[in-house]
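Asker: Could you have a look at this structure, given as structure tokens, before my questions?
Read-outs: derived from the displayed coordinates by stated rules, not from any lab. The structure presented is a predicted model; accordingly, all values stated were derived computationally and were not measured. Because the Cβ atoms are built from the backbone with ideal geometry, glycine has one as well, and the counts that use them run over all protein chains shown.
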Ligand SMILES: C[S@@+](CC[C@H](N)C(=O)[O-])C[C@H]1O[C@@H](n2cnc3c(N)ncnc32)[C@H](O)[C@@H]1O
């Protein structure tokens with residue numbers, strides 16, 4: 001990653017922290033991934049040569065910029081879904097400032113409304129960082145969108161372990177999936193769909 005982009009991401013991380021401390025309403029919070037989660041996701045994308053990347057939960061685009069910089073290496077593209085127009089607009093401006101807008105498609109929608117339009121087995125990598133109470137309901141659909149050999153990465157698997165208990169228990173019952181909980185940032189649950 002070039003130094004200018006690195007500096008911009010540092011600024012954005014700082015903005016997110018300050019903003020979230022001052023915000024009085026949950027929807028005003030950016031709730032960005034931690035700065036050490038960004039390089040972790042980027043390495044996963046580059047190491048697996050993932051091209052078709054989907055993110056659920058853009059917020060102001062901090063994590064998306066990490067994903068976008070990684071797909072520049074693989075020749076891929078990131079589609080990112082956000083339901084809140086105010087956050088999506090901040091993300092749009094951040095993607096332009098970071099000069100990564102050409103490898104990103106923003107979808108302003110509820111994920112549950114958008115996912116049915118996606119083609120089965122079309123995605124190499126999904127990053128799930130959204131409304132956790134919906135993950136159990138989305139799991140089979142997300143797995144059907146992932147190509148065999150693709151990765152689904154779920155944020156907050158340690159920080160919100162109790163909230164994700166039903167989801168992780170369902171994961172363990174599904175054949176054809178390998179899982180690993182990685183204690184980076186807020187805890188990343190990696191689900192690999194058998195090739
Ligand atoms: C934790 S934040 C995402 C943070 C972002 N990934 C980052 O690290 O910079 C979760 C986001 O998901 C959005 N969201 C929640 N439920 C959603 C849904 N059903 N469809 C689309 N977006 C949703 C929220 O508006 C919020 O901006």
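Asker: Can you tell me which residue among 145, 191 is surrounded by 14 or more Cβ atoms within 10 Å (Cβ to Cβ), within 16 Å of the ligand (Cβ to nearest atom) and under 24 Å from residue 38 (Cα atoms)? If you could, list the steps in order and put the result at the bottom.
Answerer: Details: 191 fails: within 16 Å of the ligand (Cβ to nearest atom).
On inspection, the qualifying residue turns out to be 145.
Asker: Yes or no: residue 16 in contact (Cβ under 8 Å) with a residue 40 or more places away in the chain, over 16 Å from residue 152 (Cα atoms) and away from the ligand (no atom under 16 Å from the Cβ)?
Answerer: no
Asker: Return the only residue of 68, 52 being under 16 Å from the mean Cα position of the chain (by Cα), surrounded by 16 or more Cβ atoms within 10 Å (Cβ to Cβ) and away from the ligand (no atom under 14 Å from the Cβ).
Answerer: Testing whether each residue is under 16 Å from the mean Cα position of the chain (by Cα), surrounded by 16 or more Cβ atoms within 10 Å (Cβ to Cβ) and away from the ligand (no atom under 14 Å from the Cβ) leaves just 52.
Asker: Next up: What helices (runs of 4 or more DSSP H), lying completely within segment 1-91, carry at least 2 residues that are at positive phi and in contact with a strand residue (DSSP E or B) (Cβ under 7 Å, 6 or more places away or on another chain)?
Answerer: The helices (runs of 4 or more DSSP H) meeting that bar number zero.
Asker: Hey, another quick one. Can you tell me which residue within segment 87-96, out of those that are more than 9 Å from the ligand (Cβ to nearest atom) and surrounded by 15 or more Cβ atoms within 10 Å (Cβ to Cβ), is nearest to residue 162 (Cα to Cα)? First the steps, then the outcome.
Answerer: Here is the first cut: in segment 87-96, the ones more than 9 Å from the ligand (Cβ to nearest atom) are 89-90, 92-96.
Those still in the list that are surrounded by 15 or more Cβ atoms within 10 Å (Cβ to Cβ) too: 90, 92, 94-95.
Values: 90: 31, 92: 33, 94: 33, 95: 33 Å.
Residue satisfying both the conditions and the ranking: 90.
Asker: I've got another one for you. Restricting attention to segment 19-33, and to residues there that are surrounded by 15 or more Cβ atoms within 10 Å (Cβ to Cβ) and near the ligand (Cβ under 10 Å from one of its atoms), which single residue is nearest to residue 131 (Cα to Cα)?
Answerer: 31
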